[in-house]
Number of protein chains: 2
Amino acid sequence: MQDFTFDWKTKIIFGKKSEEKVFDEIKKYSKILVHYGSDRIVRSGLYGKIIKSLGNGFDIIELPGVKPNARLSLVREGIEICQKNKADFILAIGGGSVIDSAKAIAMGAYYSGDVWDLMEGADGLGRVIPLGAVVTLSGAGSETSQYTVITNEEKKLKKGFGSDRIRPRFAILNPELTYTVPPYHTACGIVDILSHMLERYFGQVDHPDINDIFIETSCKAVMDNALILNRDPKNYVARSEVMWISTIAQNDFMGLGRKSDFEMHKIEHELSAFYDISHGAGLAVVMPAWMEYVFSNDKKRFNKLFASVLEGYGPKEGNILEGIEELKNFFKKINMPVSLSEMDITDEKFEEIAGRCTDSGKIGKTMSLGHQDIINILNLAR
Amino acid sequence: MQDFTFDWKTKIIFGKKSEEKVFDEIKKYSKILVHYGSDRIVRSGLYGKIIKSLGNGFDIIELPGVKPNARLSLVREGIEICQKNKADFILAIGGGSVIDSAKAIAMGAYYSGDVWDLMEGADGLGRVIPLGAVVTLSGAGSETSQYTVITNEEKKLKKGFGSDRIRPRFAILNPELTYTVPPYHTACGIVDILSHMLERYFGQVDHPDINDIFIETSCKAVMDNALILNRDPKNYVARSEVMWISTIAQNDFMGLGRKSDFEMHKIEHELSAFYDISHGAGLAVVMPAWMEYVFSNDKKRFNKLFASVLEGYGPKEGNILEGIEELKNFFKKINMPVSLSEMDITDEKFEEIAGRCTDSGKIGKTMSLGHQDIINILNLAR
């Protein structure tokens, strides 16, 4: 294990009806920005239920409209609203995009410059508005993580930022709230969870023993439960397992003592910045292609992983290409794409994507990837 | 999974030389009670190193003398010192007993009555002095847990208490600080870690899927690393794995979504209140006896556990008694006792111990244990 510092920070409130407990967590605040996406949560009654449970003691300012791949324009709007209304807490109700958007608003509200500068790496993040999350979709793990990913739609850029300051104060996790998530988005979440663990798994550090085991067994569990949800979307046990693993997959618990640079995410972020595809679907395409391209650099690790997560994968040293094919088969079973062509993406932007992935130099731990390597991976993904 | 609330709270600073980072964590405080046990940490130079790293900006009040099975008398002394000196932070340097003692002092400092009343369940815990820990012995996991266990030496009573308020603010985990722990105490810690996980494992709840897997794989990892430390006490990897698992075994991460009543601990606490034996050694004796007495009530769970943690345990449904014997063999390999007679304990106090264990009614989840059951278990442990 490498040295590490870890501050979990987020209080977890897990279980049935846990969304009724928001009041206790925010009672010391007064002006609340409630941030969410489509009116699905209004129609389902969840929004009304939460607002009613808060009583009359708060000034509630509402900002809906978050879309998948959270947009900078709405973040800027949120910052202006918070400043104008002196909001002292942000309540995010939704999945990763909503929570990411809330985090960026929280960052920008007290910042003197433009929030995009922070996303691009500028120093100067000081005070942030505290936030909390009611999760309605498992996958991103943003409810306990220190990360936010925002899309600048004008520049067609997607940037990630991380700081312990933007970890939510609490996360409300009621598996029942995910019962009505459409199968496609449930599956996108599953791929995102797997990728969060695997980016860490391939982080290349000596002796990551117990975290290796946690990742391997959690990947297996997520895949098993994904297949259960395929046929039984209201299975409480499966929704619970997926929701909990989603949370610990991205708050860095699984990555303690190792380093990673999230190269699969980097490639997918550039893809979805151009094409506005679902992050999980993009990852389902990028992941097998990346594996195929780099596996010969660390056969031992690929064999260890596949032996743990793939039923019937060859006893000691399997054929890794067969393992990758089996992973693709799993993605197909949950109706994820496994090629760019399925999403009508051609090689038109490959050069530009590769350029952006490597604009600060090579990326990747298992293999150091330059401009041409990214193009080769994208070609394998066609 | 059952509904749960979980607040990790403690910031983890893990790795080599991490004890040099105490200053950053306490710089906003001014009057520090430094609490520790024997002068081992003074002789090793650790104490001097930490004090030196703090510089001259603090009032340091020193309270050494914590013994294994932390004593109420010293806790009372610590409370008086804190009140007199207006201590605003407690720094515990040591293992579980030191940190438990620090927690009890933190509880008592602002409490109007006697701290023992709180330990016995009285309401009224309000403000506590914040505390942090530098860990020198892996096992109790007190550095991130909400629990403290204190021995009232006059009454020969040992009581546990839990509250999120007494979770340390930070835990400094440098595996190298445990290099010089004598083999016997390393082994006691190993048994304590296993017991923290197994008390939760046998907590009887439907569908504890992923946490079951975390416990099974962590028990296996702890046992494997214990054998490595047996022959190579300065193995950094093994010390790291044990230190980290020790921490997550008792801060409730492994117990989320289930209930447990820690019946093995209860029996051991009464034993060590009378005989002042090491907690881990007591558990090594109680655990197999408890297993032997209750296993027929949940053969499925015992088989699941042993199949995961014991090398060569029979393929599907093993002979559970053989598994228990194998666990005893492991304890013997790390030089732990497996019978009361090895610690010169006779049946003299069995009645009294059984009475105390059941003074608030029956205990235990796998089997509900009354007075005579406790005596039967103790007899199996002879």
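The values are calculated or read from the model by the stated rules, or taken from the named source; none is laboratory data. Quick caveat: nothing in here was measured; it's all calculated off a predicted structure. All Cβ positions, glycine included, derive from the backbone under ideal geometry; neighbour counts span all protein chains shown.
Observations on the model:
- Members of the range A:249-295 found to be within 13 Å of another protein chain (Cβ to nearest Cβ), within 18 Å of A:D100 (Cβ to Cβ) and part of a helix (DSSP H, G or I), listed by number: A:A249
- Filtering the range A:41-85 to residues that are of a type in the set (D, E, K, R) and out of contact with any Lys or Arg (no Cβ under 9 Å at 6 or more places or on another chain) leaves A:R43, A:K49, A:K52, A:E62, A:K67, A:R71, A:R76, A:E77, A:E80, A:K84.
- Restricting the range B:4-35 to residues that are out of contact with any strand residue (DSSP E or B) (no Cβ under 6 Å at 6 or more places or on another chain) and free of Cβ contacts under 8 Å to residues at least 12 places away in the same chain, the residue that is farthest from the other protein chains (Cβ to nearest Cβ) is B:K28.
- Test result for B:G361, under 28 Å from B:K155 (Cβ atoms), assigned by TED's automatic domain parsing to the domain that holds B:D261 and under 25 Å from the mean Cα position of the chain (by Cα): yes
- Just so you know, in the range B:186-232 the residues that are part of a loop (DSSP other than H, G, I, E, B) and of a type outside the set (D, E) include one that is farthest from the other protein chains (Cβ to nearest Cβ), and it is B:F202.
Quick grid of which residues meet (1) closer than 24 Å to A:D7 by Cα; (2) crowded, with 18+ Cβ neighbours inside 10 Å; (3) within 18 Å of the chain's Cα centre (by Cα); (4) in contact (Cβ under 8 Å) with a residue 40 or more places away in the chain:
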| position | (1), (2), (3), (4) |
| --- | --- |
| B:G160 | no, no, yes, yes |
| B:I166 | yes, yes, yes, yes |
| B:A187 | no, yes, yes, yes |
| B:G203 | no, yes, yes, yes |
| B:A226 | no, yes, yes, yes |
| B:R231 | no, no, no, no |
| B:Q250 | yes, yes, yes, yes |
| B:M254 | yes, yes, yes, yes |
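- Restricting B:L72, B:L63, B:L91 to residues that are in contact (Cβ under 8 Å) with a residue 12 or more places away in the chain, over 16 Å from B:A133 (Cβ atoms) and crowded, with 17+ Cβ neighbours inside 10 Å narrows the list to B:L72.
- From the options A:S240, A:S195, A:S218, residue that is small (G, A, S), more than 26 Å from B:K220 (Cβ to Cβ) and in contact (Cβ under 8 Å) with a residue 24 or more places away in the chain: A:S195
- Checked against the criteria, B:I210 counts as surrounded by 19 or more Cβ atoms within 10 Å (Cβ to Cβ), outside the structural domain of B:L137 (by TED's automatic domain parsing), in contact with an Asp or Glu (Cβ under 6 Å, 6 or more places away or on another chain) and among the β-branched types (V, I, T).
- Of the residues making up the range A:233-248, those that are in a helix (DSSP H, G or I), touching a helix residue (DSSP H, G or I) at 6+ places or on another chain (Cβ under 7 Å) and not aliphatic (A, V, I, L, M) are A:Y236, A:R239, A:S240, A:E241, A:W244, A:S246.
- Selection of the range A:176-234 for residues being in contact with a Phe, Trp or Tyr (Cβ under 6 Å, 6 or more places away or on another chain) and charged (D, E, K, R) yields A:E199, A:K234.
- B:D261 meets all of the listed conditions (1) at pLDDT 95 or above; (2) surrounded by fewer than 22 Cβ atoms within 10 Å (Cβ to Cβ) but one, namely (1).
- Within the range A:76-111, tally of residues that are out of contact with any Gly (no Cβ under 8 Å at 6 or more places or on another chain) and aromatic (F, W, Y): 0
- Any hit, the range B:233-243, residues being at the interface with another protein chain (Cβ under 9 Å from one of its Cβ atoms), at pLDDT 95 or above and over 15 Å from B:L137 (Cα atoms): yes
- A:L321 being crowded, with 20+ Cβ neighbours inside 10 Å and closer than 27 Å to A:P208 by Cα: no
Yes or no, residue by residue, for (1) closer than 22 Å to B:L327 by Cβ; (2) surrounded by 16 or more Cβ atoms within 10 Å (Cβ to Cβ):
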site	(1), (2)
B:D344	no, no
B:F350	no, yes
B:G355	no, no
B:T358	no, yes
B:G364	yes, yes
B:M367	yes, yes
B:Q372	no, no
B:I377	yes, yes
B:L380	yes, yes
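- Meets criteria (of a type in the set (K, R), over 30 Å from B:D117 (Cβ atoms), away from every other protein chain (no Cβ under 14 Å) and over 25 Å from the mean Cα position of the chain (by Cα)) for B:K86: no
- For the range B:269-318, taking the residues that are acidic (D, E) and without any contact (Cβ under 8 Å) to a residue 60 or more places away in the chain, the one that is surrounded by the fewest Cβ atoms within 10 Å (Cβ to Cβ) is identified as B:E311.
- Index of the failed condition, A:M336 passing every other in (1) buried (at least 19 other Cβ atoms within 10 Å of the Cβ); (2) of a type in the set (A, V, I, L, M, F, W, C); (3) under 12 Å from A:L271 (Cβ atoms): (3)
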